[in-house]
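As structure tokens, the structure follows; a few thoughts come after it.
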Amino acid sequence: MKFKRRPDLDNLTRLQIAVQAFLCQGVYGEITRLSNFYKVSRLFVYKLLWQLIFIYELEVTEPVPQKSLCLEIDRAILLLRLEGHCSLESISQIIKQLGMPFSSISYISQRLTDYACRLPENTFSGNQILFLLCDEIFTLGRPILLTVEPRSLTIIKIELVKKRDAETWKSHWEEMVSAGFITNPTIVSDQGTGIVKGCALMGLSHHPDLFHLLQNLSGIGTRLYRKALSAIEREYDRSRVFESGKTETVLQKRLSEYESAQSAADQHISRYDNFCYLWRELRMELEVFDMNGNIQMLSLRQEKINIIIELMHELDDEKLKQGLKNFVSGLEGYWGYYERMAEVYREFMERFPSEVIRWIAVGWQLQKQGVNNKDYGVRKRLTKEAAFYFEYADILIKENYPPSSETIRDEVIKAFDGEVRSSSLVENVNSSLRQFLETCRGQVNQGMLNLFAYVHNHRPFVRGKRSGYAPIEILTGKKMETTWLESLLNAA
């Protein structure tokens, strides 16, 4: 039988066919009877039946209120932008794929701007801050000034500026002083001209970062090593050329060249060996404690370091001399660290047995060296050695103070860690900030930076010794009542 389209069948008739087919399910021949009666195909009847069944299977729910929907969209925007580091384009596509409304880039940008303008007030004013880590990071040539509290990694202030001179840094710190965040702390940073001069204008103490101090000298050894290899290669080359000579005149000339190359190679090898020895001695003198856990007098340490610097000058290398000049100029602000550590060390020596403090000091120093070493094998070995000294110190503590063995060790280590010698911790904040800036496409403003700082301060660390605690909790000592996401949503 040939079938044709039936536009004459209205919606009511189609509904009647579907209902009759639904009621006659399981009765043999009824679908055929309906198709013959209405002069349609059996497939047509089945399609109407399937549509009716699909309508009954739909789960009928109450419509989502507009306010709740907007809140869920805001939640998705904040999480994707600040936890997932997604760009606005990516957030738009994700929201669109999830079937949510308001997925335009302009709407997402506006919502983030609104939250940046409605941030809750800072709650860390009034806390005693002794050290501040300061650094600069750039976005499309514009500097961002960053000030961080080292113990908790709390961002005290982040500021987008036009330049990074001394006056800009001074105004950056003056606003924190007027807000009651800091009183008279020590600034720990690299030897940037703006920061150093800004500290002088502000009357703040500047403590140079050890890594940046040694950076001027750390590459000298590699360069001297390459020079020594090149001189040795030339010596072997002159030796091969000499052996191929035939006449007496040629042999004498080539012998002279070989002897000159041999002398130059000996000189470069000696210079490299001497530098390696002096470099190793310098690094040992810069450590706080020796291998017996003793801390030497500052005057003696200065005398030894000055002797090492003089001997390095005698190596007669221009780049080494320039590096030593920068090193010496920055070292003047570093002596205060040893004085503070000596004072802490002396206080513990008066309270507890000297042997206990010395072994804890050795373990603490080895642990620090292990954390800073990039070689996994060396790092593992240093960690094991540090654990050995800590265990030995615990045995001695239990003999003298049985109830509080772990408490004493933690107290000593916390006091040693409290004296900041390096600004490398600020790089942890910089790494997160760089991820955020990479997805901004250069469209960065102060509001977005404040939003980033708020989330960073209220997001708990997921690993390391600060795991489970947010920076603001470590700084203030108070537990957060809500997460950063809930606090932002409540503020809006």
* **Failed item, numbered, when residue 358 is tested on (1) among the basic types (Lys, Arg); (2) part of a helix (DSSP H, G or I); (3) free of Cβ contacts under 8 Å to residues at least 24 places away in the same chain** => (3)
* Which residue, of 455, 429, is in contact with a strand residue (DSSP E or B) (Cβ under 8 Å, 6 or more places away or on another chain), assigned to a helix (DSSP H, G or I) and closer than 28 Å to residue 111 by Cα? -> 429
* Among what's in the range 89-107 and is out of contact with any Ser or Thr (no Cβ under 6 Å at 6 or more places or on another chain) and of a type in the set (A, V, I, L, M), pick the residue that is surrounded by the most Cβ atoms within 10 Å (Cβ to Cβ). => 91
* Asked: Name the residues in the range 1-45 that are exposed (fewer than 11 other Cβ atoms within 10 Å of the Cβ) and among the basic types (Lys, Arg), would you?
  -> 2, 4, 5
* Asked: Does residue 371 satisfy the condition of being under 30 Å from the mean Cα position of the chain (by Cα), touching a residue at least 60 places away in the same chain (Cβ under 8 Å) and under 30 Å from residue 148 (Cβ atoms)?
  -> no
* **Close pairs (7 angstrom Cβ cut-off, 6 or more residues apart or separate chains): under 16 Å from residue 150 (Cβ atoms) in the range 423-438, open to solvent by 60 Å² or more (accessible area, probe 1.4 Å) anywhere** => 424/211
* State whether one or more residues within the range 409-429 are out of contact with any helix residue (DSSP H, G or I) (no Cβ under 7 Å at 6 or more places or on another chain), over 28 Å from residue 333 (Cβ atoms) and surrounded by fewer than 19 Cβ atoms within 10 Å (Cβ to Cβ). => yes
* Selected residue (only one of 82, 69, 34, 58 is at pLDDT 85 or above and closer than 30 Å to residue 103 by Cα) -> 82
* Asked: Restricting attention to the range 290-312, does a residue exist that is more than 24 Å from residue 222 (Cβ to Cβ), buried (at least 19 other Cβ atoms within 10 Å of the Cβ) and in contact with a helix residue (DSSP H, G or I) (Cβ under 7 Å, 6 or more places away or on another chain)?
  -> yes
* **Single residue of 246, 227 found to be out of contact with any strand residue (DSSP E or B) (no Cβ under 9 Å at 6 or more places or on another chain) and buried (at least 17 other Cβ atoms within 10 Å of the Cβ)** => 227
* Asked: So residue 468 clears everything in (1) modelled with pLDDT under 85; (2) touching a Pro at 6+ places or on another chain (Cβ under 7 Å); (3) open to solvent by 30 Å² or more (accessible area, probe 1.4 Å) except one condition, right? Which one?
  -> (1)
* **residue 241 open to solvent by 30 Å² or more (accessible area, probe 1.4 Å), touching a strand residue (DSSP E or B) at 6+ places or on another chain (Cβ under 8 Å), in a helix (DSSP H, G or I) and more than 22 Å from residue 319 (Cα to Cα)** => no
* Asked: Do we have any residue at all in the range 317-334 that's under 28 Å from the mean Cα position of the chain (by Cα), more than 30 Å from residue 398 (Cβ to Cβ) and open to solvent by 40 Å² or more (accessible area, probe 1.4 Å)?
  -> yes
* **Sole exception among (1) of a type outside the set (Lys, Arg); (2) open to solvent by 80 Å² or more (accessible area, probe 1.4 Å); (3) at pLDDT 90 or above for residue 282, by number** => (2)
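The values are calculated or read from the model by the stated rules, or taken from the named source; none is laboratory data. As the structure is a prediction and not an experimental result, all values here were calculated from the model. Neighbour counts run over all protein chains shown; Cβ positions are idealised from the backbone, glycine included. Accessible surface is based on the protein model in full, side chains and every heavy atom, while ligands, DNA and RNA are left aside. Shrake-Rupley method; radii C 1.70, N 1.55, O 1.52, S 1.80 Å.
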